[in-house]
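Undergrad: Handing you a structure now.
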């Protein structure tokens, strides 16, 4: 049952993410939000995700009671989408509370998954998240003709995500462990954390503006949904077969994933309306997200004693602060050179990862 419950959690969690990042920007644009306003909206939740781990580092211990409170905040803030989406400022506040609620859900569950499944089964459970993402990409494109439809899908997927989060708490045994928060340090591996940050900054253009960007190149929304789905299919294949790779040098795997991601963004800049090349760039998602993400969370799992806090900071610094700056900068830099900037950010990430990594453990 553990494998089923984890797989169901990943399925609905990433289905919700698909609604949020693929279709919500288009919904907001149709509601006459500017690209800068869209960038601001999608920067708020990542910013809160960045701030939250510092609260747990100094003030609060993350336990099941706190986790349940955050789940309830997530549900309420999602329901508020219906009332606030037509107002930029109200919707901005709603997304702030959404960021609070969602800042610990995935890192908390990831630790449960790694502790109970290990490297062999983690990828096979996590691929159900990719299936949820892909199904939303394929289905919602055919029915998205008014804003409330996207919100309906988002709310339903959030409800199921929260339900399975509650179910998975019975498998959480780490709350019984004594953990020293003083042992957590950024400075020892500062270049690694900067690499995480710039890698996700490079994704700001893709996650928040890829749909809008390709629509302006003359590609239909349905065709773009197929592009999203194809990238996820490649990711699923990687997640299923990645276990032997993750037994090798994790740092080298991370370096390769970042390098090929820089190439991915460069190709999107050079050939923005060439469907064959765009499909090729989407295939790289198997490495730039599927393999990269697994290698990162497993590397951090072995690097730090406080595993939940390490995962929180990974999501906070990478997907939080990196996502915040990525969304904001993409909204500001939107135009012909958007993905050229993304390639530059990925290259910076690669450079930082190669600084002082000889002093870091390989696995």
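Undergrad: Filtering the range 266-276 down to residues that are in a helix (DSSP H, G or I) and closer than 14 Å to residue 335 by Cα, which residue is nearest to the chain's Cα centre (by Cα)? Show your work before the answer.
TA: Pass one, the range 266-276, residues in a helix (DSSP H, G or I): 266-270, 275-276.
So of that shortlist, the ones also closer than 14 Å to residue 335 by Cα come out as 268-270.
Values: 268: 20, 269: 22, 270: 25 Å.
So the residue we want is 268.
Undergrad: Select, from 251, 275, 268, 246, the only residue that is surrounded by fewer than 16 Cβ atoms within 10 Å (Cβ to Cβ) and in contact (Cβ under 8 Å) with a residue 40 or more places away in the chain.
TA: So the residue among 251, 275, 268, 246 that is surrounded by fewer than 16 Cβ atoms within 10 Å (Cβ to Cβ) and in contact (Cβ under 8 Å) with a residue 40 or more places away in the chain is 275.
Undergrad: Right, residue 33: more than 16 Å from residue 207 (Cβ to Cβ) and modelled with pLDDT under 90 or not?
TA: no
Undergrad: Of all residues in the range 53-74, which are in a helix (DSSP H, G or I) and modelled with pLDDT under 80?
TA: Those that are in a helix (DSSP H, G or I) and modelled with pLDDT under 80: 53, 54, 55, 56, 57, 58.
Undergrad: Here's a follow-up. Given the criteria surrounded by fewer than 19 Cβ atoms within 10 Å (Cβ to Cβ) and closer than 28 Å to residue 205 by Cβ, does residue 14 qualify?
TA: Taking the combined requirement at face value, the residue does not satisfy it.
Undergrad: Give just the number: which of (1) farther than 27 Å from residue 205 by Cα; (2) touching a helix residue (DSSP H, G or I) at 6+ places or on another chain (Cβ under 8 Å); (3) surrounded by fewer than 16 Cβ atoms within 10 Å (Cβ to Cβ) does residue 55 not satisfy?
TA: (2)
Undergrad: Another question, if that's okay. Among the helices (runs of 4 or more DSSP H) contained in the range 81-155, which hold 2 or more residues that are touching a residue at least 12 places away in the same chain (Cβ under 8 Å) and over 30 Å from residue 223 (Cβ atoms)?
TA: Answer list for the range 81-155: 88-102, 105-143.
Undergrad: Select, from 239, 291, 267, 251, the only residue that is touching a helix residue (DSSP H, G or I) at 6+ places or on another chain (Cβ under 9 Å), more than 30 Å from residue 185 (Cβ to Cβ) and modelled with pLDDT of 90 or more.
TA: Details: 239 fails: modelled with pLDDT of 90 or more; 291 fails: more than 30 Å from residue 185 (Cβ to Cβ); 251 fails: more than 30 Å from residue 185 (Cβ to Cβ).
Unique residue meeting the criteria: 267.
Undergrad: Further question: Can you tell which of 229, 259 is surrounded by fewer than 18 Cβ atoms within 10 Å (Cβ to Cβ), under 15 Å from residue 289 (Cβ atoms) and in contact (Cβ under 8 Å) with a residue 60 or more places away in the chain?
TA: Step by step, each of 229, 259 is checked, and only 259 is surrounded by fewer than 18 Cβ atoms within 10 Å (Cβ to Cβ), under 15 Å from residue 289 (Cβ atoms) and in contact (Cβ under 8 Å) with a residue 60 or more places away in the chain.
Undergrad: Among the residues of the range 58-78, what is the count of those that are surrounded by fewer than 14 Cβ atoms within 10 Å (Cβ to Cβ) and within 28 Å of residue 32 (Cβ to Cβ)?
TA: 1
Undergrad: Quick test for you: out of 28, 36, 6, pick the one residue that is more than 16 Å from the chain's Cα centre (by Cα), closer than 22 Å to residue 129 by Cβ and touching a residue at least 12 places away in the same chain (Cβ under 8 Å).
TA: Working: 28 fails: closer than 22 Å to residue 129 by Cβ; 36 fails: closer than 22 Å to residue 129 by Cβ.
Just a single option satisfies the conditions, and that option is 6.
Undergrad: Moving on to the next point. When you go through 118, 99 one by one, which is the residue that is at pLDDT below 90 and surrounded by 15 or more Cβ atoms within 10 Å (Cβ to Cβ)? Please lay out each step first, then the result.
TA: On the way: 118 fails: surrounded by 15 or more Cβ atoms within 10 Å (Cβ to Cβ).
Residue meeting the stated conditions: 99.
Undergrad: Could you tell me whether residue 223 is part of a helix (DSSP H, G or I) and out of contact with any strand residue (DSSP E or B) (no Cβ under 9 Å at 6 or more places or on another chain)?
TA: yes
Undergrad: Residues of the range 199-217 being farther than 18 Å from residue 331 by Cβ and either assigned to a helix (DSSP H, G or I) or in contact with a helix residue (DSSP H, G or I) (Cβ under 6 Å, 6 or more places away or on another chain) (or both), which ones? First the steps, then the outcome.
TA: At the first step, the residues of the range 199-217 found to be farther than 18 Å from residue 331 by Cβ are 199, 217.
Across the range 199-217, the qualifying residue is only 199.
The values are calculated or read from the model by the stated rules, or taken from the named source; none is laboratory data. None of these values were measured; they are calculated from a predicted model. All Cβ positions, even for glycine, are placed from backbone atoms using ideal geometry, and neighbour counts span all protein chains on display.
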